[in-house]
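The values are calculated or read from the model by the stated rules, or taken from the named source; none is laboratory data. The model shown is predicted, which means the values in this text are computed figures rather than measured ones. Quick reminder, even Gly has a Cβ in these numbers, built from the backbone with ideal geometry, and neighbours come from all protein chains shown. Heavy atoms of the whole protein, side chains included, go into the accessibility calculation; ligands, DNA and RNA do not. Shrake-Rupley method; radii C 1.70, N 1.55, O 1.52, S 1.80 Å.
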Protein chains: 2
Amino acid sequence: MTGPRYDTIIIGAGVIGLAIAWRVAQRGLTAAIADPRPGAGASHAAAGMLGPVSEAAYAERELLTLGLAARERYPSFAAELTELTGAPTGFRQTGTVQVAYDSDDLAVLDRLHDLQARYGVEAHQITARQARELEPMLAPSVRGGVHVPGDGSVDPRLLTGALLGAVTRAGVSLHREQVTGVAVTGGRAHGATLADGTRLAAATIVLAAGWQSGVIDGVPHDILPPVRPVKGQILRLRGPEPLLSRSVRGVVHGSSVYLVPRVSGELVVGATQEELGPDTRVTAGGVWELLRDAREIVPGITELELAEATAGLRPGTPDNAPLIGPSALPGLVLATGHFRYGVLLAPVTADLIAQFLETERLPQAAAPFSPARFAAAPAAEGTPV
Amino acid sequence: MTGPRYDTIIIGAGVIGLAIAWRVAQRGLTAAIADPRPGAGASHAAAGMLGPVSEAAYAERELLTLGLAARERYPSFAAELTELTGAPTGFRQTGTVQVAYDSDDLAVLDRLHDLQARYGVEAHQITARQARELEPMLAPSVRGGVHVPGDGSVDPRLLTGALLGAVTRAGVSLHREQVTGVAVTGGRAHGATLADGTRLAAATIVLAAGWQSGVIDGVPHDILPPVRPVKGQILRLRGPEPLLSRSVRGVVHGSSVYLVPRVSGELVVGATQEELGPDTRVTAGGVWELLRDAREIVPGITELELAEATAGLRPGTPDNAPLIGPSALPGLVLATGHFRYGVLLAPVTADLIAQFLETERLPQAAAPFSPARFAAAPAAEGTPV
C-alpha cells in the first residue's frame, strides 16, 4: 500500500457520501471520495421530497425522529451550501398535501393522521374542499386528506452539484473511479483500490455506496451490510408553469404516488418500488402505473410534456431503516441503506458520521441505526424480508 | 436564377419524396431533392404498418384500391431497394390480427368485416380462441376479431435509409437544406430557394413536404394544398424477444391502438391523433393512453423496456385522402396529404408521379386523388373538416 493516505476514504459520491465528505473535511480531517459517476446513482433519480411526517405510517418512531431532525436541519444545510458554493439546491419549504382517491384510501390517510397525532407532529386533516383550496389543480373527485405544512423539497440533482462544489472547495480528494475493493488486513479495513489501480489508504473507510455497499469486494461476507437494490421508476414532466405549489402525495386504490413541483415548472412523479435486482430499465408498466395514478390526482398532468423517464436503485434494508455507524470490522464505517430517505437524511447522516470520525463516539441519535442490529440475523445474507 | 437546372426538384425527403426521386431518376430524368433532415419527419415516427384492409372502415373505396395496389407492390419494391443498396427495409408480410376488447368493440370489427367482404378483400372473422392461437400473448379477455393475412409491415427508418442510398446511387442531387420558397414567375413554378441561398431551377417542382407543403412560401395561397399537421405520438418498446409475430390492431372502448413487432424484438405502439398544430411534444397523456390501450390487448408489454417515445406530424387533408398530381399552378406537382398512409402509399405514389413527369399524363389510378378536388372548396383554406 504505497498510495496517498487520508484520515477517511468515502466510497460512493451520492448525496450521502458527498455530505459526509463535506462535513468530515469541515472538521479538519483529510478525506478522499471515490465514485465513477458522482451523483449519478439513486440521488439522480430521487424526487427530493423532504417529508418524514408523510412517511410516518411506514416507519418506526426512531426513523421518524431522525427524519424530523433531518427536516429541521435542511434550511440551514441548504443555505450554507449555497452560500459557500453559489450553487442552488432547489430547497423549498412549502409543505405537503396528502390526498385520498376513494373512501378506502381516505381510511388509510385517517390512520396515518392518527399516527402523526400520536407522534405529536404537525399535520392537519383537511376536507376535499380545503385540499383544492390549497391546490386548485387537484381532481374534483379527490377526497380529503392531510396537510403537513412543515415538509419541504429539494432538487437532488442541484443538491449533488452543490455538494460536489463544496467538497472540492473543502479540499477533499475526488476520484472519479470505481472502487474495486476494500483493503482489509489483519482484521482491519485500511484502504480502497480503484479501477485505475490507485490504492488509497486511510484510518477509516466509510461505505456509502448505496445498494452496492452490499456487494463490495474485500469486505468479509458477514460484515457486508444487508442492503439490496429496490428499483424506482420516476418521471419528469414539464409545462409552461407549475401546476402545483407544494408536494402532493396521493393514495389511489391503495397505491401511492407523489408529485413534486420545482420552481422551474418541472413536476416529478414517482415512484415505483420493484424488487428486481440491479435492473434500471424504464418499463412500459412502470411508466403506465405512475401516469395512471398521477392523473387520477391531478388530471392536468396529461397536457404536460413527458421530458424524462428514468429509474434508480435505492438501498433497501430488512427493516427499511438505514445503517449508520461502525461495522463489526474495525476501520469500516457504514452509511447506507437509506432506502427512500437518502436525500432527506443526508445532512443528519453526515453530521453523525463526521462526529463519530472525529470523536470515535457515535451520537445517541444514531444508536437505533447501528449496523450491529443485523449482526447475527439471517437477514445479513442480504435477502429481502 | 443562375443555379443548377434539373428536370425535377422534389421538396421534402420523407418516404414519399425519396421514393419519387428514386423512381424519377430511374426513368432518366435529372432530379434534385431538398430537405434539412431527410427521413426525420413523419416517416421517422411512423410505425410502418402496411394494412390498407384494416383501415377500410375509414376510407373510401378509391383509397382502399390505391392501398391494395400499394400493398401488392411492396414486396418487389422492398426487394429491389435492398438488392440495389444492400440495405434492409424490415419488410415482412406476416398479416394483421384485429381484436376487440369488449362487445361494442367487437361490433365495430363486425362492421369493418362487412365492408371488407363487400370490397372483396381477404379478411377472415376469427374467434377469441383463434386470435390467441395466432398470437398467444393476446389478453385472455380479448374478444374475437379479424385476420388479414395479406397485410405486412416495414421499418420506416430502415426504409428511408435504403431510399437515401438508392437516391444517391441514382444520381439525384441531395440538398440537406430547408427550402425557403418556391420560385414562381409568370404564373409558373420554376425553381426553389434553399436556406443557404442556393437557387435550384427545374421544369417541374414536386411538393412532397408533408404537412409543411401547406405553408410553403412562394406558392399562391389558393394553390397551397389543404394539408394540416395531425400529431401522432408513438412508443418503441424493447424486450429480449418479440412478443408478437404479426401486427395487432386493437379496438379498446372505441379507441384504436396498434402494436407492430420488428424482427429485432422492438414493438412499436401507436398512435395518438391530435389536432394541435405543429406541436411535437411527447405528453404524459399521450403516452398514458397508448400504454393503457396496448396493455389491455397485450398485457405482457408492461414488462418491456420503454425505449423511446416520440411524436410526428402527419399531413392530414379534409377527406383523409392524399393529393397526387399536378396543381392548378403550372410546374407545381403535389405529392402530399398521405395522412396515416404515407409509408404504405410511397411506392405507388412514386410510380404515379414519375409516370406523370415522364409522360405529362396522370395515370387513371391517381384521378381520385387529384388536387383539383379541393380547388374551389372552402376546405382549401386548410382548416380541418
Legend entry - Members of region A:318-336 that are part of a strand (DSSP E or B) and open to solvent by less than 10 Å² (accessible area, probe 1.4 Å): A:Leu323, A:Ile324, A:Gly325, A:Leu332, A:Val333, A:Leu334, A:Ala335, A:Thr336
Inset, instruction - Could you tell me whether any residue of region A:277-285 is small (Gly, Ala, Ser), surrounded by 19 or more Cβ atoms within 10 Å (Cβ to Cβ) and touching a Leu at 6+ places or on another chain (Cβ under 6 Å)? - result: yes
Inset, instruction - Answer yes or no: is there a residue in region A:82-98 that is touching a helix residue (DSSP H, G or I) at 6+ places or on another chain (Cβ under 7 Å), open to solvent by 40 Å² or more (accessible area, probe 1.4 Å) and without any contact (Cβ under 8 Å) to a residue 60 or more places away in the chain. - result: yes
Inset, instruction - Could you tell me whether B:Ala107 is farther than 30 Å from B:Ser370 by Cα, open to solvent by less than 50 Å² (accessible area, probe 1.4 Å), free of Cβ contacts under 8 Å to residues at least 60 places away in the same chain and among the small types (Gly, Ala, Ser)? - result: yes
Legend entry - Filter result for B:Arg340 (open to solvent by 30 Å² or more (accessible area, probe 1.4 Å), farther than 20 Å from B:Gly12 by Cβ and outside any strand (DSSP E or B)): no
Inset, instruction - Would you confirm whether any residue within region B:129-142 is open to solvent by less than 10 Å² (accessible area, probe 1.4 Å) and under 24 Å from the mean Cα position of the chain (by Cα)? - result: no
Inset, instruction - Working only within region A:297-312, note down all residues that are more than 10 Å from chain B (Cβ to nearest Cβ) and open to solvent by 20 Å² or more (accessible area, probe 1.4 Å). - result: A:Glu308, A:Thr310
Legend entry - Check on B:Val348, among the β-branched types (Val, Ile, Thr), part of a helix (DSSP H, G or I), more than 14 Å from every other protein chain (Cβ to nearest Cβ) and within 16 Å of B:Gly210 (Cβ to Cβ): no
Legend entry - Pick from region B:270-296, criterion more than 7 Å from chain A (Cβ to nearest Cβ) and touching a helix residue (DSSP H, G or I) at 6+ places or on another chain (Cβ under 6 Å), ranking: farthest from B:Tyr258 (Cα to Cα): B:Thr272
Inset, instruction - Would you mind stating whether A:Ala189 is open to solvent by 10 Å² or more (accessible area, probe 1.4 Å), at negative phi and more than 14 Å from chain B (Cβ to nearest Cβ)? - result: no
Legend entry - Residue that is nearest to the chain's Cα centre (by Cα) [pool: residues in region B:70-107 that are part of a loop (DSSP other than H, G, I, E, B) and more than 24 Å from B:Tyr258 (Cα to Cα)]: B:Ala87
Legend entry - Any pair with Cβ under 6 angstrom, 6 or more apart, that starts in region A:283-302 at a residue that is over 15 Å from B:Leu237 (Cβ atoms) and ends at one that is charged (D, E, K, R) and surrounded by fewer than 24 Cβ atoms within 10 Å (Cβ to Cβ): A:Ile301/A:Arg295; A:Thr302/A:Arg295
Inset, instruction - Consider B:Pro315 carefully, then state whether it is assigned to a strand (DSSP E or B), more than 11 Å from chain A (Cβ to nearest Cβ), over 14 Å from A:Val287 (Cβ atoms) and modelled with pLDDT of 95 or more. - result: yes
Inset, instruction - Restrict the check to region A:217-231 and report whether at least one residue is under 21 Å from A:Arg295 (Cα atoms) and within 14 Å of chain B (Cβ to nearest Cβ). - result: no
Inset, instruction - Kindly indicate the residue of region B:218-232 that is over 14 Å from the mean Cα position of the chain (by Cα) and charged (D, E, K, R) and also nearest to B:Val184 (Cα to Cα) among those meeting that condition. - result: B:Asp222
Inset, instruction - Give the number of residues within region A:142-173 that are over 17 Å from A:Gln130 (Cβ atoms), part of a strand (DSSP E or B) and either touching a helix residue (DSSP H, G or I) at 6+ places or on another chain (Cβ under 7 Å) or without any contact (Cβ under 8 Å) to a residue 40 or more places away in the chain (or both). - result: 1
